[in-house]
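S.K.: Mind having a look at this structure? Questions to follow.
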Amino acid sequence: MTPVKKREAYTVSKVRVATTSLAGCFGCHMSFLDMDERIVGLLEHVEFSRSPINDIKHCEPCDIGLIEGALCNADNVHVLKEFRENCKIVIAVGACAINGGVPAMRNHFTLQECLEEAFLDEIGVDNPHIPNDVEIPLLLSKVHPIHEVVKVDYYLPGCPPSADAFLKILTDLLEGKEPSLPKEMLHYD
Amino acid sequence: MEQNRANLRRVAVDPVTRVEGHGKITLLLDDANHVREARFHIVEFRGFEKFIQGRPYWEVPYFVQRLCGICPVSHHLAAAKAVDQLVGVDELTPTATKLRKLLHFGQTMQSHALHFFHLSSPDLLFGFGSNLEHRNIVGVIEDYPDLALKGVRLRKYGQQVIEVISGKRVHGAATVPGGVNKGLTIAERDRLLGDINDVLAWSQDAVDLNEKIHTEHPENHGFGRLNSNYLSMVGGKGELELYHGGLRASRPDGSKIFDQFDYRGYYNIIREEVRSWSYMKFPYLTELGRDDGWYRVGPLARINSCDFISTPMAESARQRFKAFGNGGYVHDTLAYHWARMIEVLHSAEAIRDLLLDPEILGSDLVVKGEKREEGIGVIEAPRGTLFHHYKVNEDGTIKKANLIVSTTSNNQAMNESVRSVANEYLDGNEITEGLLNHLEVAIRAYDPCLSCATHALGKMPLEVELISADGETVDHIEKASSGAIKRTV
């Protein structure tokens with residue numbers, strides 16, 4: 001794989017990073033922010049394209065795309081493909097992106113059963129019916145990890161990965177090294 | 001256009017393209033092209049109530065927090081309170097209760113700080129219609145580095161409290177049925193106490209800043225304002241209570257609908273309506289009915305509803321808030337931010353008090369009881385009252401689950417605020433990116449957590465459609481990544 005930028009290069013132009021959450025809990029983004037003050041240092045080398053923390057609504061051409069969450073509806077698939085088309089490196093972040101995580105627990109049931117439970121059989125529900133409108137995207141019958149739809153370059157495991165792990169993988173890429181996490185940063189819980 | 005949208009729906013099955021999004025706004029216009037209806041759609045669905053069935057009850061507090069990485073602790077604790085009841089425990093040991101409270105105050109601080117500093121402050125500091133490229137936390141770090149760092153450190157401190165109690169900052173493990181899984185060491189307590197004075201000062205600064213943003217900008221007062229009902233928990237004396245208490249609901253004039261209601265009967269006072277265009281339901285107070293019974297929850301509801309705050313700095317801030325409302329309730333939607341920072345200050349004081357309480361270091365952590373078939377837990381999550389309700393089979397597996405998530409309770413209110421802002425700012429105007437952001441600012445004030453209810457962190461991708469009374473699409477606008485407005489009609 002081609003390094004994102006050589007060390008001497010990133011003083012000239014910043015590495016562009018996009019992040020998104022598909023069907024997930026945003027815990028990975030929270031963990032990313034757990035870099036705390038270190039994010040100020042990172043901003044010397046990195047600028048953000050589409051990310052939940054800014055108003056950029058679409059992924060622009062980027063060096064690195066960090067993707068949290070699994071695929072549970074048509075919008076998720078669309079966003080994922082847009083990331084793959086625009087990002088040189090795609091990183092699957094966290095349990096949901098890597099293997100479906102908690103959202104994929106619905107795969108043990110049919111989608112119909114899940115919808116009926118929430119909208120027809122729930123305690124204290126009025127006007128019971130399953131939402132169906134052109135404004136809401138169609139749900140996929142099963143929840144999928146992202147590698148089933150696009151090529152993934154790196155996997156950053158954890159529920160969520162720690163802030164240290166985020167920083168390590170980004171620093172490695174910024175320095176043009178093959179990313180590698182030491183054992184103590186490699187967690188799956 | 002209808003045909004085009006039908007195409008996009010079809011694409012959803014064979015996934016190709018559409019503007020991505022967790023949330024979307026639709027406006028309906030009447031013959032005179034005035035806004036008749038505004039809709040805020042929630043477009044994701046996860047099916048938690050179903051897939052939890054058949055799982056052992058003790059797992060619940062651990063995976064419910066995966067509903068939400070922003071306030072996982074709230075789900076963890078609401079579920080844990082329900083699980084306590086499933087194992088027949090009505091009251092924990094004093095140490096366990098205090099450790100859970102400490103965890104919850106850490107959570108409230110980090111979540112509120114994240115929302116204000118990282119997500120909302122750019123709108124309030126730079127202006128709702130300011131440059132899109134700069135209107136984010138990176139812009140705040142550039143222009144207001146001291147303020148941004150205080151925000152980052154406030155959130156950090158909250159996360160550190162969570163980490164000490166639960167072992168991890170996000171999705172940690174703190175509770176067991178009937179108690180907590182570990183005590184606090186003297187070293188851990190002292191480490192947290194070491195920073196508390198700074199944290200108190202930063203929290204006071206955050207309150208002062210928000211008070212100023214609100215009182216010195218009259219244009220903020222009417223923005224998305226709603227004369228709504230409010231629901232929150234209060235303590236036995238009517239005090240602000242985030243962890244455990246009775247339910248209080250009030251009308252806009254402050255008169256009580258009910259007070260000190262036992263949350264275990266929540267299904268007698270709240271019903272939820274399904275609407276076809278959103279995966280998020282619309283709760284209302286049964287007594288007032290479907291049309292009039294909608295209410296607001298969260299910091300604004302809590303600060304309005306409570307009679308006092310038990311910690312002095314936050315109480316003094318509350319009194320200034322109350323004076324701003326001339327002694328009555330404050331209905332300004334943007335006052336949510338001010339109320340939120342008063343709660344940060346209260347959390348900082350409460351954390352200090354808990355850390356200085358010798359009982360926090362106790363070692364009696366778990367109570368046992370006789371198993372029951374039903375458990376209901378409640379907590380005031382950062383975004384508002386949160387209910388978890390579980391029924392179990394004889395073998396201890398989950399038979400039925402019902403959650404009323406805080407953001408869901410604000411569903412109708414967010415729709416009403418969007419309608420109010422659309423009426424005021426979009427009606428008859430050419431729609432620009434800056435004006436569109438006004439709609440997001442209104443929604444953002446509620447700090448919606450669209451993961452629990454399907455979360456998006458702060459910024460909603462946006463599409464606005466204007467439809468005339470006869471159903472014709474008058475205008476259809478999407479925000480492009482550059483910030484430019486794309487019209488597809």
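S.K.: Explain nothing, just compute: Karplus ³J(HN,Hα) = 6.51 cos²θ - 1.76 cosθ + 1.60, θ = phi - 60°, for every residue of the stretch A:61-76 in order, whole Hz, x for Gly and Pro.
M.R.: Each residue of the stretch A:61-76 in turn: x, 9, 7, 10, x, 9, 10, 9, x, 9, 9, 10, 9, 5, 4, 4 Hz.
S.K.: Taking the Cβ-Cβ separation of B:Asp357 and B:Leu200 as r and a Förster radius of 22 Å, what is the calculated FRET efficiency to the nearest 0.05? Don't skip to the end; give the middle numbers.
M.R.: On the way: r = 17 Å, r/R0 = 0.76.
That pair, B:Asp357 with B:Leu200, gives E of 0.85.
S.K.: How are the alpha carbon pair distances in the protein assembly as shown distributed across 10 Å bins from zero to the largest one, expressed in percent?
M.R.: Histogramming the protein assembly as shown at 10 Å steps yields 3, 16, 28, 29, 18, 5, 1 percent.
S.K.: May I pose another question? Anything losing 10 Å² or more of accessible area from the isolated chain to the full protein assembly: pick those residues out of the stretch B:146-165, probe 1.4 Å, ligands and DNA/RNA ignored.
M.R.: Buried by the other chains: B:Leu149, B:Val152, B:Arg153, B:Arg155, B:Lys156.
S.K.: For B:Phe324 and B:Asp292, calculate 0.36 nm times their separation in residues minus their Cα-Cα distance, and state this gained length in nm to one decimal. Intermediate values should be presented prior to the final figure.
M.R.: Details: separation 32, 0.36 × 32 = 11.52 nm, distance 2.65 nm.
Full-extension gain reported as 8.9 nm.
S.K.: Can you tell me the orientation of helix B:433-445 relative to chain B, as the angle in degrees between its alpha-carbon axis and the longest Cα principal axis, to the nearest 10?
M.R.: 30 degrees
S.K.: Projected onto the charge dipole of chain B (+1 at Lys/Arg Cβ, -1 at Asp/Glu Cβ, origin at the Cα centre), which of B:Leu288, B:Leu92, B:Leu247 gives the Cα projection farthest towards the positive end?
M.R.: B:Leu92
S.K.: Mind listing the long-range amide H neighbours of B:Thr26? Cut-off is under 5 Å, sequence gap 5 or more, other chains count too, H placed in the peptide plane at 1.01 Å from N.
M.R.: B:Arg39, B:Phe40, B:His41
S.K.: Can you tell me the dipole magnitude for the stretch B:48-410 around its Cα centre, using point charges on the Cβ only (Lys, Arg +1; Asp, Glu -1), in Debye to the nearest 20? Walk me through the numbers before you get to the answer.
M.R.: Values: 42 positive and 45 negative charges, 160 e Å.
Magnitude of the dipole: close to 760 debye.
S.K.: Moving on to the next point. What is the spin-label model distance, in nm, from A:His187 to B:Thr215 if the labels are put 7 Å beyond Cα along the C-beta direction?
M.R.: For A:His187 paired with B:Thr215, the spin-label model returns 4.3 nm.
S.K.: Shifting gears a bit: Kindly compute the accessible surface that chains A and B hide from a 1.4 Å probe when together, both sides summed, and give it to the nearest 100 Å². Intermediate values should be presented prior to the final figure.
M.R.: Details: alone 10640 and 19370 Å², together 22920 Å².
Using a 1.4 Å probe, the pair buries roughly 7100 Å².
S.K.: Okay, moving on. Hey, could you grab the Kirkwood Rh for the stretch B:280-399? Inverse mean 1/r over distinct alpha carbon pairs, Å, one decimal.
M.R.: On the way: mean 1/r = 0.0565 Å⁻¹.
The Cα-based Kirkwood calculation yields 17.7 Å.
S.K.: Give the accessible surface of chain B per residue, rounded to a whole number of Å², with probe radius 1.4 Å and ligands, DNA and RNA excluded.
M.R.: Values: 15950 Å² over 489 residues.
Each residue of chain B exposes 33 Å² on average to a 1.4 Å probe.
S.K.: Within the stretch B:117-275, what whole-number % of the accessible surface is contributed by carbon and sulfur, with the 1.4 Å probe and all protein chains included in the calculation?
M.R.: Roughly 48 percent of what the probe reaches on the stretch B:117-275 is carbon or sulfur.
S.K.: What distance in nm lies between label points placed 7 Å from Cα along the C-beta direction at B:Asn181 and B:Ser255?
M.R.: Calculated label separation equals 5.0 nm.
S.K.: Which Cα, out of B:Leu27, B:Gln159, B:Ser305, lies furthest along the positive dipole direction of the protein assembly as shown (beta carbon charges, K/R +1, D/E -1)?
M.R.: Ranked along the dipole, the leading option is B:Gln159.
S.K.: Let's test the formula: R0 of 30 Å, r as the Cβ-Cβ distance of B:Asp364 and B:Glu239. What FRET efficiency results, to the nearest 0.05?
M.R.: On the way: r = 26 Å, r/R0 = 0.88.
With a Förster radius of 30 Å, E is 0.70.
S.K.: Can you pull out the GluC sites (Glu not before Pro) in the stretch B:134-222 whose DSSP state is coil and whose Cβ has at most 15 other Cβ atoms within 10 Å? Walk me through the numbers on the way to the answer.
M.R.: Numbers: sites: B:Glu142, B:Glu163, B:Glu188, B:Glu211, B:Glu216, B:Glu219; in loops: B:Glu216.
Filter output for the stretch B:134-222: B:Glu216.
S.K.: Through the Karplus equation 6.51 cos²θ - 1.76 cosθ + 1.60, θ set to phi - 60°, convert the phi angles of the stretch B:286-292 into ³J(HN,Hα) values in whole Hz; use x for Gly and Pro.
M.R.: Karplus values, whole Hz, x for Gly and Pro: 3, 4, 8, x, 4, 7, 9.
S.K.: Follow-up question, since we're still on this one. Sort out for me the Cα centre separation of the stretch B:105-179 from the stretch A:70-104, rounded to whole Å.
M.R.: The distance from the Cα centre of the stretch B:105-179 to that of the stretch A:70-104 comes to 25 Å.
S.K.: Using the Cα centre of chain A as the reference point, and only Cβ charges (+1 on K/R, -1 on D/E), how large is the resulting charge dipole? Debye, rounded to the nearest 20. Don't skip to the answer; put the middle values down first.
M.R.: Details: 17 positive and 29 negative charges, 202 e Å.
The dipole magnitude comes to about 980 debye.
S.K.: Counting only DSSP beta bridges with both residues in chain B, tell me the antiparallel percent, nearest 5.
M.R.: Numbers: 46 of 51 bridges.
Taking every DSSP beta bridge with both residues in chain B, the antiparallel ones total about 90 percent.
S.K.: So, one more: What does the extension gain come out to for B:Arg55 and B:Thr397, with contour length at 0.36 nm per residue minus their alpha carbon separation? Could the numbers behind the result be given before it?
M.R.: Working: separation 342, 0.36 × 342 = 123.12 nm, distance 0.52 nm.
My answer for the length gained is 122.6 nm.
S.K.: Given bins 10 angstrom wide, list per bin the percent of all Cα-Cα distances in the stretch B:158-305, short to long.
M.R.: Distribution as computed: 9, 24, 29, 28, 10, 0 percent.
S.K.: Moving to a separate point now. Within the stretch B:402-436, which GluC sites (Glu not before Pro) sit in a loop by DSSP and count at most 13 neighbouring Cβ atoms inside 10 Å?
M.R.: Numbers: sites: B:Glu416, B:Glu424, B:Glu430, B:Glu433; in loops: B:Glu430.
Hits after loop and neighbour filter: B:Glu430.
S.K.: Could I ask something else about it? Kindly state, as a whole number, the per residue volume in cubic angstrom of the convex hull around the alpha carbon atoms of the stretch A:63-114. Write down the numbers at each step before the final one.
M.R.: Values: hull volume 3.2 nm³, N = 52.
Here the figure is 62 Å³ per residue.
S.K.: If one takes the longest principal axis of the Cα atoms in chain A, at what angle in degrees, from 0 to 90 and to the nearest 10, does the Cα axis of helix A:163-174 lie?
M.R.: Tilt relative to chain A: about 50 degrees.
S.K.: Summarise the accessible area of the stretch B:296-340 (1.4 Å probe, protein heavy atoms) by the percent that is carbon and sulfur.
M.R.: Values: 650 of 1180 Å².
With neighbouring chains kept in place, the figure for the stretch B:296-340 is 55 percent.
S.K.: Could you work out how far apart the two model spin labels at B:Asn131 and A:Glu47 are, taking each label as a point 7 Å from the Cα in the direction of the beta carbon, and quote it in nm?
M.R.: Spacing of the two 7 Å Cα→Cβ label points: 1.1 nm.
S.K.: Still on this structure, please answer the following. Round to the nearest 10 and report in Å² the accessible area of B:Asp198, as given by a 1.4 Å probe over the protein chains' heavy atoms.
M.R.: Here the accessible area works out near 80 Å².
S.K.: Just the Cα atoms of the stretch B:72-179: what Rg and Dmax do they give in Å?
M.R.: Values for the stretch B:72-179 (Cα only, Rg and Dmax): 17.8, 56 Å.
S.K.: Considering only DSSP beta bridges where both residues belong to the protein assembly as shown, give the percentage that are antiparallel (nearest 5).
M.R.: Numbers: 49 of 73 bridges.
Among the beta bridges of the protein assembly as shown, antiparallel pairing accounts for roughly 65 percent.
S.K.: Which ³J(HN,Hα) values in Hz, rounded to whole numbers, follow from the phi angles of the stretch B:381-393 under the Karplus curve 6.51 cos²θ - 1.76 cosθ + 1.60, where θ = phi - 60° and Gly and Pro get x?
M.R.: Rounded to whole hertz, the list is 5, x, 8, x, 4, 10, 10, 10, 9, 10, 10, 10, 7.
S.K.: Using C-alpha positions alone, give me the convex hull volume of the stretch A:53-176 per residue in cubic angstrom. The partial results should precede the final answer.
M.R.: On the way: hull volume 18.0 nm³, N = 124.
Once divided by residue count, the hull of the stretch A:53-176 is 145 Å³.
S.K.: Let me understand the stretch B:48-410 better: what is its radius of gyration from the alpha carbons, and its Dmax, in angstrom?
M.R.: That works out to 20.0, 60 Å for Rg and Dmax.
S.K.: Amide H of A:Ser51 versus every other amide H placed in the peptide plane: which residues, excluding those fewer than 5 positions away on the same chain, fall under 5 Å?
M.R.: A:Thr19, A:Ile56
S.K.: While we're here: Taking amide hydrogens as modeled 1.01 Å from N in the peptide plane, which residues meet the under 5 Å criterion relative to A:Asn73, leaving out close sequence neighbours?
M.R.: A:Leu140
S.K.: Follow-up. Run the helix sum for chain B: -39,500 (n - 2.57) per DSSP H stretch of 4+ residues, divided by residue count, reported at 222 nm to the nearest 500 deg cm²/dmol.
M.R.: Working: 18 runs with 198 residues, N = 489.
Mean residue ellipticity, 222 nm, calculated: -12500 deg cm²/dmol.
The values are calculated or read from the model by the stated rules, or taken from the named source; none is laboratory data. In this text the structure is predicted, and so the values were computed from the model without any measurement. Glycine also receives a Cβ, built like all others from the backbone with ideal geometry; neighbour counts cover every protein chain displayed. These area figures cover heavy atoms from the full protein model, side chains too; ligands, DNA and RNA do not enter into them. Shrake-Rupley method; radii C 1.70, N 1.55, O 1.52, S 1.80 Å.
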